[in-house]
């Protein structure tokens, strides 16, 4: 007997199963175990060195990166839904954490920073869980793709400038993007360590070449391994190449969050939670396997929230889904969340067995790994793609980019959200308004234009279409755009095609009543055609509906044209 196929909602990605602890394990297919293990080990080869590198971006010891690659992936494997999402820290999160800690604890020692990072992770997790409780998953959609592209490009530029001094072998006091650039230019000629520079150049070139010609190789892991080998056997420390120093071996221990840091860190936690969730959903959507249900935002809020809370209690920095590591996980053949579990166990094995070896890694090697991968964020192809479609949205991207460089990353993410919301308000408050004409021999009404001079119009009848919701924010604008069209046509009847208007808000209805009064005072009439069912019900209950009556609320444009033709004298 054939087995029943999946339901229609599941096929088209609408299914929303409730979150379950290790729900995937109960029906695990053992035949895919080798694929999951291989995918997990392959992803670990990318995740572990990058997690260590991003910890240094945040100004934290490298073991914090390993803690973040240990706890959060395991927690997500237990509660998460995506089969391919790889959860750890990311470039964006690393720089946001660094900014938050430097602002909240200027001049803090490493131990204080570790406690603060763990506290911040717990706060991020609590923010994500509260968002899940309030069903705020939709908030991730409020950062538009152009704005996100600009924000990430700004993050890429900040990270590169932040890491360049380590690649050159000297230190600067960070005060801001442009002043840091000047400090680097001033110090490069006098303080650059030639051995450090050569190591950095070789590392970046090696990673880029492997990514270009041998993309299946774990370029970051190979670069880290070669850097450690060079440090151990070529005596790099003796010629002035700094290493990352001692890494405590063993599993992480429990850390009690510092309640006193809640006040200075909670705003940053909200910003990091938003970016963590946005990156998580974007990665999950981009690499979902065919037939898999679409991401359930509120369920992902729970999984990533728990990952951050439990990770923070064990010393991890904030975490989220990462695009590059998720891509590796998917291409390596991950079939279930077991692959993420393997990544976490690989991080633990590294902490238990390889900590003394990793302590030999040159700082310049980690900085070069960060720069090589952060350069991807500065790719101008996305800006060109946005510009090719709509120049206005390119300016949104540029605004977010400039916000990060001029105001810093935490304020930059605020700029990104504000720009997105303003863009949404701008679009909603400027709906398209245009005149319609009939395509000859059909019942198709389309925008009147010089491209179709043959389209039919009716003397004394002006047909107009408005696209989008009419509400208090755009009703005046709509009427202002209609006015010159009416003045030019001097019609007897104005038909407003409402097929593209899904709602007419109370304030807009009052303005339409006023417009009808003005039209009637000039001997003309206002008709509404093709009202959507819900909009029609609202209008019928209002003074506008009582004023128009059934005769002036027409089924569609074809009926409106016929009704007008029947009323015209022969």
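Using only the Cα atoms of the stretch 30-424, build the gyration tensor, take square roots of its eigenvalues as a ≥ b ≥ c, and label the shape rounded, prolate or oblate: rounded if a/c is under 1.5, else prolate if a/b is larger than b/c, else oblate. Note, shape of the stretch 30-424 comes out rounded. Packing-based ranking of 560-567, 249-256, 502-509, 79-86 yields 79-86, 502-509, 560-567, 249-256, ordered from highest to lowest mean Cβ neighbour count within 10 Å. To the nearest ten degrees, helix 194-213 and the longest principal axis of the Cα atoms of the chain are 50 degrees apart.
Helices in the chain, meaning DSSP H runs of at least 4 residues, each add -39500 (n - 2.57). Divided by all residues, the mean residue ellipticity at 222 nm is -20000 deg cm²/dmol. For the listed peptides 217-225, 364-372, a ranking on the average number of other beta carbons within 10 Å per residue, highest first, reads 364-372, 217-225. Can you give me the angle between helix 110-133 and the longest principal axis of the chain, using Cα atoms only, in degrees from 0 to 90, rounded to the nearest 10? Rounded to the nearest ten degrees, it is 30.
Going by the alpha-carbon gyration tensor, a ≥ b ≥ c the square roots of its eigenvalues, is the stretch 290-360 rounded (a/c under 1.5) or, if a/c is not under 1.5, prolate (a/b greater than b/c) versus oblate? If you can, show how the numbers build up before the last one.
Working: a/c = 2.60, a/b = 1.43, b/c = 1.81.
Verdict is oblate for the stretch 290-360.
Can you give me the C-alpha center-to-center distance between the stretch 432-500 and the stretch 537-552, rounded to a whole angstrom? The stretch 432-500 and the stretch 537-552 have Cα centres separated by 21 Å. Taking a ≥ b ≥ c as the square roots of the eigenvalues of the Cα gyration tensor, the stretch 176-257 is rounded, since a/c falls below 1.5.
Volume of the convex hull of the stretch 315-474 (Cα atoms only), normalised per residue: 258 Å³. Seen against the Cα atoms of the chain and their longest principal axis, helix 506-521 is set at about 30 degrees.
Note on 396, 527, 213: ascending count of other Cβ atoms within 10 Å places them as 213, 527, 396, the fewest first. Only alpha carbons enter this Debye calculation for the stretch 113-177, each as an equal point scatterer, and the log10 of I(q)/I(0) it gives at q = 0.27 Å⁻¹ is -1.02.
Bear in mind these aren't lab numbers, they're just calculated from the coordinates by the rules spelled out. Everything numeric in this text was worked out from a predicted model, so none of it was measured. With ideal geometry, Cβ positions are generated from the backbone for all residues, glycine too; neighbour counts draw on all protein chains shown.
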